[in-house]
1. Only loop residues by DSSP count here, and only those with at most 16 other Cβ atoms within 10 Å; note down the chymotrypsin sites (Phe, Trp or Tyr not before Pro) in the range B:268-303 that meet that.
2. Can you find, among D:H81, A:P27, B:G112, the residue sitting farthest towards the positive end of the charge dipole of the protein assembly as shown, where Lys and Arg contribute +1 and Asp and Glu -1 at Cβ?
3. Which whole number gives the average, over all residues in A:138-151, of C-beta atoms from other chains lying within 10 Å of the residue C-beta?
4. Taking each full run of DSSP H in chain D as one helix, which ones are at least 27 Å long along their axis (Cα atoms) and have mean Kyte-Doolittle hydropathy of at least 1.0?
5. List the trypsin sites (Lys or Arg not before Pro) within the range D:126-199 that DSSP assigns to loop and that have no more than 15 neighbouring Cβ atoms inside 10 Å.
6. Using the 2.2 N^0.38 Å rule of thumb for compact globular proteins, work out how the protein assembly as shown stacks up: its C-alpha Rg over that value, please.
7. Ignore the peptide's own chain and count Cβ atoms of other chains within 10 Å of each Cβ in B:131-144; give me the average, rounded.
8. Under unit Cβ charges (Lys, Arg +1; Asp, Glu -1), what dipole magnitude, rounded to 20 debye, does the protein assembly as shown have relative to its Cα centre?
Amino acid sequence: MIPIFMFIVCAALAVAGAVALIWAREPIHSALALVLVMIALAVLYLLLGAPFISAVQIIVYAGAVMVLFVFVIMLLNAGVEERTNFSKLAIPGALLGLGLLVEIAYWLARSAVGKALANGANAPSTEVSTRDLSEMLFRQYLFPFEATSILILIAVLGAFVLARKDS
Amino acid sequence: MEFISQHPVLVAAVVKIAVLLFIVMTALAYLTWLERKAIAHIQSRWGPYNVGAHGLLQPLADGIKFLFKEDVTPPAADKLAYILAPFLALSLGLSAIALIPFGPPSRVFPNGQQMFSVVDLNIGLLLLFAITSMGVYGVALAGWSSNSKYPLLGGLRSSAQMISYEVSLTISVVGVVLLAGTLNFNELIGAQSGYFHLMRVIPRWFIFPQIVGFLCYLTSAIAETNRVPFDLPEAETELVAGFHTEYSAFKFAMFFMAEYANMITVSCLATVLFLGGWLSPFPDTGIWHYQNYLPGAGLLALAVYCAWNTVSEMRGIARLQLGVVTLLAGGGGLICLYPPIAAAIQGPFWFTTKILAILFFYIWMRATLPRFRYDQLMSFGWKFVLPVSLANLVITALMILVWPHVRHG
Amino acid sequence: MSAIPISWYLVLSAVLFGLGVIAFVFKRNVVTIFMSIELMLNAVNLAFVAFARAYNQLDGLVFVFFVIVVAAAESAVGLAIVIMLAQNRQSMNVERVNLLKL
Amino acid sequence: MFLLNHLWVILALPLLGAAINGLFGKRFPQSAVNSVAVGSVLLSFLAAAETVREFLQLAPGQIPWVGNYFTWMVGGEATPHPFRVDFALQIDQLTVVMLMVVTFVGMLIHIYSTGYMAHEDGYYRFFSYLNLFMFFMLTLVTAANLVVMFVGWEGVGLCSYLLIGFYFLRKSAVDAGKKAFIVTRIGDFGFTVGILLTFATFGTVTFAEIFDSVAKNPVSEGLLTTICILLFTGAIGKSAQLPLYVWLPDAMEGPTPVSALIHAATMVTAGVYMVARMSPLFSKAPVAMLVVAIVGAITAFYSATIGLVQTDIKKVLAYSTVSQLGYMFLACGVGSYAAGIFHLMTHAFFKGLLFLAAGSVIHAMGGEQDMMKMGGLRKKIPVTYWTMLIATLAIAGIPGFAGFFSKDEILEAAQSGPHANLILWLLGVGGALLTSFYMFRLVFLTFFGKPRYDEHKVHVHESPKNMTIPLIILAFLSIFGGWFAAPKLIGGIDYFEKFLAPVFASSAPAAEAAAESTEAATPAMALVHSLLSWPVAVGILGLLAAWWFYIKRPDIPKKLAQSAHALYLLLLNKYYVDEMYAALIVSPLLWISTHVLWHGVDEGAIDGVVNGTATVARGSGAEVRKIQSGNTRSYAAWVILGAVGFTALLFGLLGVAH
């Protein structure tokens, strides 16, 4: 009872947030809507028994990345989105997007894996322990991990170089 | 009804949350009183004195004042964000506390619910950081939505500051996590039980192996909660009142409470991670069993002091009020002397004591230190605290690699 | 506890992804477009976690971890670029950023 | 046995020298360039000598000794006869002879060049080319299969091109270089086809295997003839036989040492070497051998006639080279390969000497090459004079000198050998007569009579030591280089032939027959017989005629020229062959190249295609550019389109989900 209730609430919140992201004309509002989506997803991760990922989702995404967005918006004091000549490709693009949405949703719903249960009798109800995750991350995926750290370093340098005042 | 009977967990959680909320709110209120008095005495003033004996009713008065003031919303403000910001700030500040265990998990209700913690999560620490990391939004949104320059500047400053120090805050505690090998608060505290080998008097609190981490944590925590000497966001002399300049009445009060709630949260975290949480510094062997009576004794002592003070100095209504305090303290003290209760409240007692110590440190700082300049703040955060905490982390990891037995628990 | 089929999560992620795509096409503000990318990434993450749950394997979670990290790096650089853009062209509207157009 | 196991060392040394000089020579002082160039060749010669010493200790079973270094090309392993070429070197008696000749003469000429080229620019360039030539020539003679041989073959062609055009500021030199390159290409084409046909026939290009299979299982004679004639085409081109000899006279544009080394001693003899090397095939194809013999004989006589009237000292030598090469082919053609190789060796000595001496004369005359402007140099440059005289006696076939033995053997084989043929013999004898005539004409015109040059302008001087010493050594060899065959005169055994016998075992009958024909008579008879033989007679006759014409009655030549004016002009203009080629081949080719290939194919078709591509690209680009609107969101829309399509493919068609 409770999981279904939670799922429905969170899913509704997430979708509402996504729609709001599109609807809002104030970038900050879009950002807030996205934060809402992320938090809802974090709760869903908890439901799916991945608490670590959920926490990381909030800390990194909602707590750092989105804060960065908000910060930039404040810094540039970006006003209301201006209406310019309407791109002719926006409508077909949107239709295509909807098509993609429906398509993927349809196939996923029909897919075999979709039948599996997220929780309940025949589902692995135990939640993933952070220890197992780190074991896997630092044994099997060590090289990707290191590569990612290098990537982060490069990104930091790049951001610094880009945003620096030329003097 | 049958829903309640089906979900005892839910019910117990709700009840505990309610109680905790009440306690924390009161604590917030009287923390402001404590701060004002302490600073006043440090600066050899009286501080609040007239509203109630020793200004004991001052917080109440403030609360009422905030409630009844006019709530101004600037016309140019962005309504949604303007209203959202304070709620966000306060709710996050309070909800973080819900993760803290105030007493040993062994203390349980008949229905098997832990007595002193709302939830006992495996990733408690992570979740706490998740919540605190969201705290930036309150400040940032407030600053932006007021649509006026001082708040914007304050908001920018404080969000930058909080992002910066959040990094070192997080990294400074990883050393502890490495030593304890868990993210669960109770296990973290359990890992600190016992004593170091040399003459068995120093408790195995993480503050001793992780002193560097502790200092880094304390610094970052002060910056994270925008307290002196890092209170740039509401630097009165520069930005009027920083991000909440445009706020008034209860919204302002909410920011105010949020700040103190954050203080309490970080103090709790410091206690849990470095000061052994609800563990007593003394062993409970032999004669040390009498430490169970410390809370009661303390309260009785307070009662005695209040009584003497009442008789000697108070006049009129104030004497009545202080008398009430005396009676409360005395009664509480007597109850606490009842052995089972005395044993039960050991954890909360020590926990509260440690928190109070840290909070007093906060206040002390505020009373003594001047404010940093902004660039100093930033360079200090990025060029000193962060590298030091990183070095601490690396060294800790290496030590664990070399001598695995340094790990606790 | 009553059961939720994985497909619910998958469909939800598909819906979010589609919405992200639509946002990408519709929004004009560079920052907002960035956000829609993040939204898509989140949708994908949800699918990852759901699959990890369905097959009871941790790899999916590790992938999510990587996706998050890379997204963080990407947004760092991207936002730096956005700042440069706004400073040079006094506008965050992508339709004003068309120097490449002949 | 070290060097036998590392044959490549002999090749590598000159290559190393070429690399060093070519890369850094520009900064080196002349002395350094000298030491590198000469040193590398000297070491190569010593290595070759040591190799030969080791070779002589091998048991007959171990010959030919093959060193297989690495697999160079492999194709079609699946097929029964995979195309497989190893970089393999081999050494047998024939190779030994060539090895010694090439390295030794090459070394001498290197030393000579250090003096001759001393005042030229591009000194290091010259020596780097020369060393490179040595490398390729050695590759050619030590190759163990046709393809590696072909590498050397083309390599020497390249070097000859580079060296003929060494004075690349002189248009005539450049043209000569191009001419040599192109004309030899014609032959090389035949050679290439020959190689391919060989592989197609025998399924291998390695000499030993080819000879095995040709010895064991019979091949249709027609096929063999075709192969041999194709290979011989290559020889014609490389060795300047009719009708492809035209490049050699022009090649004299190059520095004289080059003419000596490449266009007299070594490279041009490569064709002879190749024919001798493939003798097992040739001896199985009588028709081909007849062709070889005929071409050789005609060339020998024909180019000798041209030599009669040339006035350029080097041109005379060039034509004499052509004619001598003709003799070698004649020898091969009549089946006495040993004689051919023998003549090759002696010719290398005396013709190299002739060129070097001529170079010395030119050096002394300050670059003058026209014999009509010389004369009376006998006293002034004695060393040159004596050495050149010796060489002339040798080439004229005067008994006792090297040329006598070799040429005598050839003519004898043509006269009484198994493939003897009267007409060929007559041509050979006639050639011999003309040869001695024009050679002595050269000597008389150059060294005797009155000086016909301005003695005040030109002050004649003997060449420096490093030029004269090689002359002397070569003169020595021109005398005694032929005495391997001397015993034969008194009915003994020709050691040279004996030495080479294993190589030409398959074509042994010739040698045997030659041997028997002499053994019939008693020693004394044999001696008289060969001393009174026609070659000697005509040799002396030519000498006398030349003396009569150019010393006794110097006015006769002019009278003769006037009386037989047409003939004289014909000879002077070399039978108008160049003009004929120009008319029949060159100008049509030029016309076709200009009007069909250039304006038609190149400008029309190829440029058309290229420009068309460009136009299409530009047009399509102009269309596609409309998509490239610079509008990010439209890009996004396209991306999405792709995503939709791909998802449909993934889930719908491939049915991943099921």
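What follows is calculated from the coordinates using simple rules that are stated; it is not laboratory data. Because the structure is a prediction, the values reported are computed rather than measured. Glycine also receives a Cβ, built like all others from the backbone with ideal geometry; neighbour counts cover every protein chain displayed.
1. Filter output for the range B:268-303: empty list.
2. Of the options given, the answer is A:P27.
3. 2
4. On the way: long enough: D:30-56 (38 Å, 1.04); D:93-116 (34 Å, 1.54); D:123-142 (29 Å, 1.16); D:171-202 (45 Å, 0.83); D:286-307 (31 Å, 1.90); D:313-333 (30 Å, 0.86); D:337-364 (39 Å, 1.24); D:422-447 (37 Å, 1.85).
Counting only whole DSSP H runs, the qualifying helices are D:30-56, D:93-116, D:123-142, D:286-307, D:337-364, D:422-447.
5. Here the trypsin sites (Lys or Arg not before Pro) that fit, given the DSSP loop and packing criteria, are D:R170.
6. Working: Rg = 53.7 Å, N = 1336, 2.2 N^0.38 = 33.9 Å.
Dividing the Cα radius of gyration by 2.2 N^0.38 Å gives 1.58.
7. Values: counts 4, 2, 8, 8, 2, 7, 8, 0, 0, 7, 5, 0, 1, 6.
That works out to 4 on average.
8. Dipole size: approximately 2180 debye.
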